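What follows is a set of notes on a single structure, which appears directly below.
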Amino acid sequence: MFKVTPNPPDTDPASPYENLDSSKLHEAAERALNPGPHIMATPHKPSTMFFVNPELNAETLLVHACESLASANVMANDLVDHLEGTRRNALLGIAQVIMLGELAVNRALDQLDPP
C-alpha cells in the first residue's frame, strides 16, 4: 500500500522547542497577556434614544416606575392563564418579583410623601 504523506522526521522528544524563536514567543505572550485599553479609558456618552429627563425629581420617577411595574404585573398575570407546567410556574415567579419591586417603590414613595 502506498502512503501519500511521508513519515515525519525523527526529532529528539526531549527538546521539542529548540526551533522556536524566543523573541516571537515573548511577543505572543505579550499579546496574550495584554488586556488592551482599560474599559474606563474612553468616556461613555449615554444614548439619547431613551433619555430620562435629569430634571425630574425622585417622586416623579418613582411614580412612573410604580405604574410601569403595575402594568408589567398585570400583563404577566394575564399570560399565566395561557401557560401550563413549568412555564406557568416561571411566569408566576416573574410576576412575584415584579410585585416585590412594586412594593419597594411604593414604600420609597411613602417615605418621600407620607400618607
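The values are calculated or read from the model by the stated rules, or taken from the named source; none is laboratory data. Quantities reported herein were computed from a predicted structural model and do not represent experimental measurements. Note: ideal-geometry Cβ built from the backbone for every residue, glycine included; neighbour counts use all protein chains shown.
Checking Ile39 against (1) at pLDDT below 70; (2) closer than 30 Å to Leu109 by Cα; (3) among the aliphatic types (A, V, I, L, M), which test does it fail?
Every listed condition holds for Ile39 apart from (2).
Would you check which residues across region 47-76 are assigned to a loop (DSSP other than H, G, I, E, B) and not small (Gly, Ala, Ser) and list them? Can you show your working first?
Of all residues in region 47-76, those assigned to a loop (DSSP other than H, G, I, E, B) come to 47-57.
Once the filter is applied, which keeps residues that are assigned to a loop (DSSP other than H, G, I, E, B) and not small (Gly, Ala, Ser), region 47-76 yields Thr48, Met49, Phe50, Phe51, Val52, Asn53, Pro54, Glu55, Leu56, Asn57.
If you go through region 1-21 one residue at a time, do you hit one that is modelled with pLDDT of 75 or more, out of contact with any helix residue (DSSP H, G or I) (no Cβ under 7 Å at 6 or more places or on another chain) and either closer than 30 Å to Asn106 by Cα or not charged (D, E, K, R) (or both)?
No.
State whether one or more residues within region 35-46 are at positive phi and either under 25 Å from the mean Cα position of the chain (by Cα) or among the hydroxyl-bearing types (Ser, Thr, Tyr) (or both).
Looking only at region 35-46, we keep the residues that are at positive phi, and these are 36.
Next, only the ones that are either under 25 Å from the mean Cα position of the chain (by Cα) or among the hydroxyl-bearing types (Ser, Thr, Tyr) (or both) stay: 36.
Yes, the conditions are met somewhere in region 35-46.
Name the pairs: first residue in region 57-83 and of a type in the set (D, E, K, R), second residue surrounded by fewer than 13 Cβ atoms within 10 Å (Cβ to Cβ) and in a helix (DSSP H, G or I), Cβ to Cβ under 9 Å, at least 6 apart or on different chains?
Glu59/Leu112
State the number of residues belonging to region 77-88 that are surrounded by 12 or more Cβ atoms within 10 Å (Cβ to Cβ) and either touching a Cys at 6+ places or on another chain (Cβ under 7 Å) or in a helix (DSSP H, G or I) (or both). Give the steps one after another, and end with the answer.
Step one: filter region 77-88 for residues surrounded by 12 or more Cβ atoms within 10 Å (Cβ to Cβ), giving 77, 79-80, 83, 87-88.
Still in the running and either touching a Cys at 6+ places or on another chain (Cβ under 7 Å) or in a helix (DSSP H, G or I) (or both): 77, 79-80, 87-88.
Counting residues in region 77-88 that are surrounded by 12 or more Cβ atoms within 10 Å (Cβ to Cβ) and either touching a Cys at 6+ places or on another chain (Cβ under 7 Å) or in a helix (DSSP H, G or I) (or both) gives 5.
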